[in-house]
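Chemist: Dumping the structure here so I can ask a few things about it.
Please treat every number below as a calculation from the coordinates, not as lab data. Keep in mind the model is a prediction, meaning the values are calculated, not measured. No Cβ is skipped: glycine too gets one built from the backbone with ideal geometry, and neighbour counts run over all protein chains shown.
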Amino acid sequence: MKDNNSSKKQVALITGASKGIGKAISLKLASMGIKVVINYNTSKDAAQKVADEINSDGQNAIILKADVANYEEVQTMITKIDSVCGPIDILVNNAGIISDNLLVRMSIEEWTKVINTNLNGTFYCTKSVLRNMLKKRWGRIINIGSVVGLRGNIGQTNYAASKAAIIGFTKALAKEVATRNITVNTVTPGYINTETVDVLPQKLKDHIRTHIPQQQFGEKEDIAHIVGFLATQEANYITGQAISVDGGLAI
């Protein structure tokens, strides 16, 4: 099937892209010749450094602030992207937060803020870009889930619920837009060497490794590579999937 976007430079929005997995995805998509919009909420300086790195390599990137948990801010961001870069071809819903606690001790705020950012943010961003994708009859929506959404984890009922819900969201939306050459997939990382994992005590990290068949943590680039592939025309027949990149942890 012909790629309807082959005549122009594609535009990708990566949410929560100032560091970690989001940064790696931004660098990967930019290396593929895609114009990258780096969304951030609080880490402006870090986001700008990612954009500077991309632009210094002769690729194209801009940064835009928006709290994905706020629908009005998301709409304002999407409108700005449309006017500056053109309609979004590729959406990577990466922004996410954790606020861990045992359920018996979990506050309403701890529950709500995780659901609002991780799940509602995915809904807000996807809803805001979908109409243009439907008009163009082409699009890639790639959600970043978590192995926790498949297996659960003590102290993370809010996080696990948000990531499990994203998988259901992915499967339902994939069916809605399948005939318009729009694919919707979720990538579910396991334990990846990011700032979040780096701060864990060494004893805990050693314990976690014993549960991973490959006996090691993944790298941010492991996630970026699969996202890059899912963003291409070559991945046209893959939709509605939750693809684990976790060293076998979810087996």
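Chemist: If you put +1 on each Lys and Arg Cβ and -1 on each Asp and Glu Cβ, how big is the dipole of the range 11-244 around its Cα centre, in Debye rounded to 20?
Modeler: Its charge dipole is roughly 580 debye.
Chemist: So which of LYS113/LYS136; LYS136/LYS220; LYS44/LYS135; LYS9/LYS65; LYS65/LYS163 end up more than 26 Å apart, counting from Cα to Cα?
Modeler: LYS113/LYS136; LYS136/LYS220; LYS44/LYS135
Chemist: Can you tell me the orientation of helix 220-230 relative to the chain, as the angle in degrees between its alpha-carbon axis and the longest Cα principal axis, to the nearest 10?
Modeler: With rounding to tens, the tilt is 40 degrees.
Chemist: How big is the charge dipole of the range 1-132 about its Cα centre, in debye rounded to the nearest 20, if each Lys and Arg gets +1 on its Cβ and each Asp and Glu gets -1 on its Cβ? Before the final figure, lay out each step's value.
Modeler: Working: 15 positive and 13 negative charges, 62 e Å.
Once rounded to the nearest 20, the dipole reads 300 debye.
Chemist: Which value, in nm² and rounded to one decimal, describes the direction-averaged projected area of the C-alpha convex hull of the range 11-244?
Modeler: 12.7
Chemist: Points 7 angstrom from Cα along the Cβ direction at GLN214 and THR79: gap in nanometres?
Modeler: 4.3
Chemist: Among GLN216, LEU13, PRO87, flag the residue with its Cα farthest along the positive direction of the charge dipole of the range 11-244, charges on Cβ as +1 for Lys/Arg and -1 for Asp/Glu.
Modeler: PRO87
Chemist: Helix 71-84: angle to the longest alpha-carbon principal axis of the chain, degrees 0 to 90, nearest 10?
Modeler: 40
Chemist: Let me ask something additional. Please list 3J(HN,Hα) in residue order for the range 192-197, calculated via the Karplus relation 6.51 cos²θ - 1.76 cosθ + 1.60 where θ = phi - 60°; whole Hz, with x for glycine and proline.
Modeler: Those phi angles translate into 10, 5, 10, 4, 5, 6 Hz.
Chemist: For ILE166, ILE212, what's the fewest-to-most ordering of other Cβ within 10 Å of each Cβ?
Modeler: ILE212, ILE166
Chemist: Given H placed on each backbone N at 1.01 Å, which residues far from LEU64 in sequence or on other chains put an amide H within less than 5 Å of it?
Modeler: Amide H neighbours of LEU64, under 5 Å, 5+ apart: ILE38, ASN39, TYR40.
Chemist: If contacts are Cα pairs under 8 angstrom and at least 6 residues apart, what is the relative contact order of the range 11-244 in percent?
Modeler: This gives 19 percent for the range 11-244.
Chemist: Using a cut-off of 16 Å between alpha-carbon atoms, which aspartates and glutamates can reach LYS49, once sequence neighbours fewer than 8 places away in the same chain are excluded?
Modeler: In chain and number order, the partners are ASP57.
Chemist: Right, here's the next one. If the chain between THR42 and LEU102 were fully stretched, how many nm would it gain, using 0.36 nm times the residue separation less the Cα-Cα distance? Don't skip to the end; give the middle numbers.
Modeler: Details: separation 60, 0.36 × 60 = 21.60 nm, distance 2.70 nm.
Between THR42 and LEU102, full extension yields an extra 18.9 nm.
Chemist: Another question, if that's okay. For helix 121-136, report the angle its Cα long axis makes with the longest principal axis of the Cα atoms of the chain; keep it between 0 and 90° and round to the nearest 10°.
Modeler: Taking the Cα atoms of the chain, the angle to 121-136 is about 30 degrees.
Chemist: With just the Cα atoms of the range 1-99, tell me how far they stretch along each of the three principal axes, in Å, largest first.
Modeler: 43, 29, 24
Chemist: Right, something else. Determine the dipole magnitude for the range 181-251: charges of +1 sit on the beta-carbon of Lys and Arg, -1 on that of Asp and Glu, nothing else is charged, the reference point is the Cα centre, and the result goes in debye to the nearest 20. Spell out each step's value before the answer.
Modeler: Numbers: 4 positive and 8 negative charges, 43 e Å.
Dipole size: approximately 200 debye.
Chemist: Could I ask something else about it? Counting only helical runs of four or more DSSP H residues, what would the 222 nm mean residue ellipticity of the chain come to if each run contributes -39,500 (n - 2.57) and the total is spread over all its residues?
Modeler: Value at 222 nm, helices only: -13500 deg cm²/dmol.
Chemist: Let me ask something else. Less than 12 Å Cβ to Cβ from GLY86, Lys/Arg counted +1 and Asp/Glu -1: what total charge do the surrounding residues give?
Modeler: Here the count lands on +3.
Chemist: Next question. Would you work out which of GLY168, VAL114, GLY149 lies farthest towards the positive end of the dipole of the range 94-184? Charges go on Cβ: Lys and Arg +1, Asp and Glu -1.
Modeler: GLY168
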